[in-house]
Structures are given as C-alpha cells and as structure tokens.
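Taking it in order: structure first as structure tokens, then the write-up.
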Amino acid sequence: MTKQPIFECRELKIEARPWDAPPIPIVKGVSFDVNPGEVVALIGESGSGKTTISLSSLGYTKPGLHFSGGEARLLGKDMISLDPDEKRLQRGEHVAYLAQSAAATFNPALKIGEQVTESAVLHGAMSQQDANARAEELYNALELPDPDRIGGRYPHQVSGGQLQRLMAAMALVEKPSLLVLDEPTTALDVTTQIEVLKAFKKVIEEEGSAAIYVTHDLAVVAQIADHIVVLYSGEVMEQGPVDTIINHPKHSYTKRLMAAVRPTPAAGQGDAATGEHAREMPALEVKGVTAGYGRGADGKPAVTVLRDINVSVERGHVVGVIGESGCGKSTLARVMAGLLPAADGQVMLDGKELKPALADRARDELQLVQFVFQMADTALNPRQTIGDIIGRPLTFYQGIKGRERREKVLQIMNMVELPPEFEGRFPAELSGGQKQRVNLARGLAAGPEVLLCDEVTSALDTIVGANVIKLLERLRAETGVSFVFISHDLSTVSSFADEIVVLYAGRVVEQGPVDQVLSPPFHPYTRLLITSVPEMRIGWLEDTMQTREAAAGIARGVEITDIGCPFFNRCPLAIDGVCDREAPPIREDTPGHQIACHQTLEEVEDSEAKPQKILHGYEKALVDEEQARAARH
C-alpha cells in the first residue's frame, strides 16, 4: 500500500496584483510531492519562486501576492482553502518553517530555552516540563555543546552555527510532519555548514520527518536531498531523484546551474596579476596591528581580536582574507577603514601612515579607502533613489553637481551593468544582485584606490554571485583599484584573488600567492578549510566526516587565546606542551608564502601524504570529548 504524501503541490499558481496594472504571474502551475521521510530540494536563482512555493505549505503568501489556482495539500488538507483558525492549528501541529537568518528569528531579550519550547506549550501540545525534556533531547541529537545548560543562555552567547541548529530544535519540538528549510546554511562558513548539514540530516532521518529544502547551492543539495525540483521564473524546468538531476541533467537551465557551481579550491585558479598598475609603495599596508573592542584598565582593548597582523595590498591586486566566523576578518576591514581604531600598529596608504580613527583622517584619505558592506539591504538608504545613492559620494568627495553629476552617475551605472532607467528607482524595487551592484557603484563613485569588500557575495545565489565576481574582475582591469576581498568562501576567493591571507582567531596562520597557499605544504587550518568546501557529489558529506581534519576540527569553535597556537584544540598535528604554550614560528616555504606552525614544513607536507598520521594532541582531544559526552548521559 502506497503511503499518502505529506505534502502535495498541485498546479499551484500565485500572482501579484498591482492596483494599476493587470495581475503578474509569479508561480505558474507548479506540481510536486513530498513523501514521508523524504527531503525535496527546490533549487534555482533568486526570483525563481523557491521560497514563495515553499511557503504555500503553510497556506501563506508574502504581502502583495495571492493564490490564483491549484492546491497545496498538507496531510490531505488544502492549506489554501482552510479557514484561518484551522490553518493556524495545522501550522502549529504539522509544519514548521526554518528561515535563513537564525539571528533574526530569535528574540535577543529572551533565553534560548523559552523560545525553543514556546510554540509547543502555547499550542497545548506539551507541558512546559515535557517540552524542556524534548528540547534537551534535540540539543543532544543536534550535537550542541552543554545540552543540559544551553537553553539557559541568550542568543548572543552562542555561535552562528549553534543558533542555526537551535532554530532546528525550535521547529522540531512538536514533531512536525513537514519541515520547510529556507536557505538554512547559505550565510554560514564552510566548517559550520558541514556541522549543520550533518545535524539536519541526522535529525530528519531519526525523527522520520519530511522536508522541503530551499537553496541555490547544488553542492549542498547533493548531500541532503532525495528529490530535486529545478525552478526558473516560477516554472518547473526539471525534477527527479537527486542522482538523476546531479549526474544526468537534461534541461539546459539545470546544466547552466551545474556550470555555476564553484569548483573545489585548487592551485591554478587565482587571477594572475599583470603589474600594469604597480607602484613602488603598496596601495594599503597593515603593520603589526593589534585591535579589539572595549577598553581595559591598562588602556588596551578589553577583548583583543587581532594580534600582530601584517598584510600588504599591492596596487591593482586582490587580497582575499578568509576564515571562519569570529576569526577577525571584518574587524581587520574595520581597522583598515578607520571604523575601529587599532590599539597598536600602523595602517599605511601609499606609504603614508593613516590616523587610526576615521574622524581624524582627511577627506581625501577617506575617499581613497571605501567600504562595501555585506548586506546591501541594510547598507542602502531605502528612501533615496539609486541616482541619489550613487551621486552622493560624487558631490561629497569631488564636488560634482547638476548635469555633470547625472552624467557621471549614468556612466558608473553602466560600468556596473545597471540599466539607466534604474536611476529613479528605489532599492526595494531591485533584486539582491542588483542592489549589490548599487552598493559597489557607490563605493566606486568616490574614486577609491582600495575597495574593502566584506562578504559581498555570501547572500547571493551562485549565478548572481559569479556575475558579481566577473564584474569585480573587469573593474579591477579598467580602473586599477585594489580589493581586499573578505569571505568565508574559499572557492570564491581562490578564483578571484592574487594573494590569500588565512586568519584564525585573530592571527595570520598562512599567507601568500593563491597557487602557493592552495598547494601543500599548507597550514592544518587551511587544509581544514579546503576539505570543507562541499563537492557536487552524493556521499561527499559522509566521506568528509570520516577524515581526521573534520573529526578534529569541525565540531569545535574558534577560541581566541593569549598563549600558544590558537588552532591547538582543533589541530590533527598538535604537539602537547609546545603548541598550547608557545607562539608558532613563521616558516617561509617560498618568498612571500608564510606558514605559522610548530611543525616543520617537511613534517606538514609529509602529513598530507600520510592521512593516517595522527599526533597525540588530536587523540587526547577526541578522548576528552568522548568522556565529556559519556558523563552528560
């Protein structure tokens, strides 16, 4: 006897209804099923209708949209036609939605445990005591630290990856029949993403839930989905089992998505700097910088984030700064821009020392170093037109006004491939990729020598992100502007940068030309990052979790330490009594390629060839973790 699908989408149609124009079709007759225990992935570019379709399982549409046809049947009941009270009951008991941003989902003023159990208690599904017990059971299943105490913390007291898994616990408390996961790992760094994917996959299997997984990342889909629905402009281009779609795609659009999947980082991917814009002095240089937040009694930062950082950005070069969340990437950019004054060290622009604080720098110095923020949604003023946003730096820095300013705005818009008719539009009328282009255009309008790009592609889908990278490459060639490109995505950085700086816990653990950083010998942390980039291969996640790098490093967070090597507690090559007590020496493989490690470069390279070689520090860490886990149970 065939089991009834948990969710049935039948010829679903959704449209926008402007007051002064005919209806605009958004979703155009989409059909698919989600069976018990099955994960169905909805993939496609931004604007393809992924989230809009997934929300139909809750009988919900975004403001301005309306159901115009078809059915969205959850456990046999059409969510579209239910009355509000019945719909609310179905949502509470049978379907749970996990949004992309866990930070926006949690109330910062309430403890985690209260929020995780709130829905179950409010709907009368469980008593508070039973809900607390169920929550702790899920904390264990999701492999969260201190499962008996984490519920007593506030959201800001846990990492991004832990908060993402806590959001999953919130959704699973009532044992829903269907989970809707909307880009739950998009903004996470690679090691955290593996951890969260592994936890989601394990819990979905153990709980017997079905899931709709919304994403644009095919490499992630290959690890977690059973069935794939490929969407474009609100229509299904192709659908089928994950193996068929990944290995034997038939539709040209699916093949285009495959082509946009970022390759695993490897030597030979980086751009070759031409030297066309080279000067004697680096465009930007950071020397011996130490920085942090707050002020201690001794006048030094209360919390030191960066320690003795040395980075040089040549004119017309791209320097990629990579590392996990919390390693100090954005803090370094803030120091370069003057948004966070360094406690010690120098920031040099064209050989001239800049004042540490933004307020003390001259206007021409501000003009030459521009910051492009991660989230265009929050970086752009929603009340200003695109023309005003791009035109303001032209007036502020260069005194350009009137007709000349408008001509210059249109010229810059053309440079970032925005049509001239966008000049009078507001940010809300643009897509994510278009807003990011406006964000870049504003930085370019100042006429900078250095653009600090902080995670500018992390929230974009693969095709739009690839287009933004191509745009940056062209802008560099045309203008000679230098880029400091901050990202947790090693694939993107390795395809675009000339040099890579690997940051870990506020220290540079490796830096050098792309080819050399991505070729052994590399720092054990660099190797962890490389092996954590998802491959578009079914079974990759399980294979990766068996490696010693993953076992030693993925489950532990970044810890900023005063002594020893900060990577000690996660390193498969750690030496007890040395790595935990002494700062690692800087070893130079070739001129310009530096690795901070107690192991000699020969030993590091030898360990790459012998994966079975595991030193005492790693073994001890695993034993300690196993004993702690046993004690909790």
For this session: Taking H placed 1.01 Å from N in the peptide plane, check which residues at least 5 places from Phe522 or on another chain put their amide H under 5 Å from its amide H.
Result: none
Exercise. From the list (i) 40, 34, 23; (ii) 68, 32, 25; (iii) 68, 42, 29, can you say which value of semi-axes √(5λ) of the Cα gyration tensor in Å was derived from the structure given?
Worked result: (i)
For this session: Using the Cα centre as the reference, give the magnitude of the dipole from point charges on the C-beta atoms of the chain (Lys, Arg: +1; Asp, Glu: -1; all else neutral), rounded to the nearest 20 debye.
Result: 1560 debye
For this session: Quick one: what are the phi-derived ³J(HN,Hα) couplings along segment 84-97, Karplus 6.51/-1.76/1.60 with θ = phi - 60°, whole Hz, x for glycine and proline?
Result: x, 5, 5, 4, 4, 5, 4, 5, x, 9, 10, 9, 10, 10
For this session: Show the residues, 5+ positions off or on another chain, whose built amide H is closer than 5 Å to the amide H of Ile26.
Result: Ile14, Glu15, Ala16
Seminar exercise, completed: Sorted by chain and then number, the residues having a modelled amide H within less than 5 Å of the amide H of Ile80, at least 5 places away or on another chain, are Ala72
Problem set entry | Exposed trypsin sites (Lys or Arg not before Pro) absent - longest run of the chain, DSSP non-H/G/I/E/B, at most 16 other C-beta within 10 Å | 426-536
Problem set entry | Estimated 222 nm signal from helices in the chain, with DSSP H stretches of n ≥ 4 weighted -39500 (n - 2.57), rounded to 500 | -10500 deg cm²/dmol
Seminar exercise, completed: Taking the alpha-carbon centre of each part, the distance from segment 279-294 to segment 216-261 in Å is 44 Å
Seminar exercise, completed: With the 8 Å Cα cutoff and a minimum separation of six or more residues, the chain has a relative contact order in percent of 13 percent
Seminar exercise, completed: Counting only DSSP beta bridges fully inside the chain, the antiparallel percentage to nearest 5 is 60 percent
Exercise. Which order do Thr378, Thr191 fall in if you start with the one that has the fewest other Cβ atoms within 10 Å?
Worked result: Thr378, Thr191
For this session: Positive end of the charge dipole of segment 284-517 (Lys, Arg +1 and Asp, Glu -1 on Cβ, about the Cα centre): tell me which of Ala362, Met375, Leu451 has its Cα farthest that way.
Result: Ala362
For this session: Would you work out which of Thr191, Leu430, Leu231 lies farthest towards the positive end of the dipole of the chain, given +1 charges on the beta-carbon of Lys and Arg and -1 on that of Asp and Glu, about the Cα centre?
Result: Leu430
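Assign one of three labels to segment 284-517, namely rounded, prolate or oblate, based on the Cα gyration tensor with a ≥ b ≥ c the square roots of its eigenvalues; rounded applies when a/c is under 1.5, prolate when it is not and a/b is larger than b/c, and oblate otherwise.
Prolate shape, in that a/c is at least 1.5 and a/b is the bigger ratio.
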Seminar exercise, completed: Computed for segment 284-517: size of charge dipole around the Cα centre, +1 on C-beta of each Lys and Arg, -1 on C-beta of each Asp and Glu, debye to nearest 20, value 760 debye
For this session: Nearest 5 is fine: what % of DSSP beta bridges in segment 284-517 come out antiparallel, could you say?
Result: 55 percent
Problem set entry | ³J(HN,Hα) computed for each position of segment 191-205 - Karplus, 6.51 cos²θ - 1.76 cosθ + 1.60, integer Hz, glycine/proline x | 5, 5, 4, 4, 4, 5, 4, 4, 5, 4, 4, 4, 5, 4, 5
Exercise. In the chain, with Lys and Arg counted as +1 and Asp and Glu as -1 at Cβ, which of these residues, Leu332, Asn132, Pro18, has the Cα nearest the positive end of the dipole, that is, farthest along it?
Worked result: Pro18
For this session: Take the alpha carbon atoms of segment 410-440, find their center, do the same for segment 321-394, and report the distance between the two centers in whole angstrom.
Result: 21 Å
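Each reported figure results from applying straightforward, stated rules to the coordinates on display, with no laboratory input. Bear in mind the structure is a predicted one, so any value in this text is a computation, not a measurement. Glycine also receives a Cβ, built like all others from the backbone with ideal geometry; neighbour counts cover every protein chain displayed.
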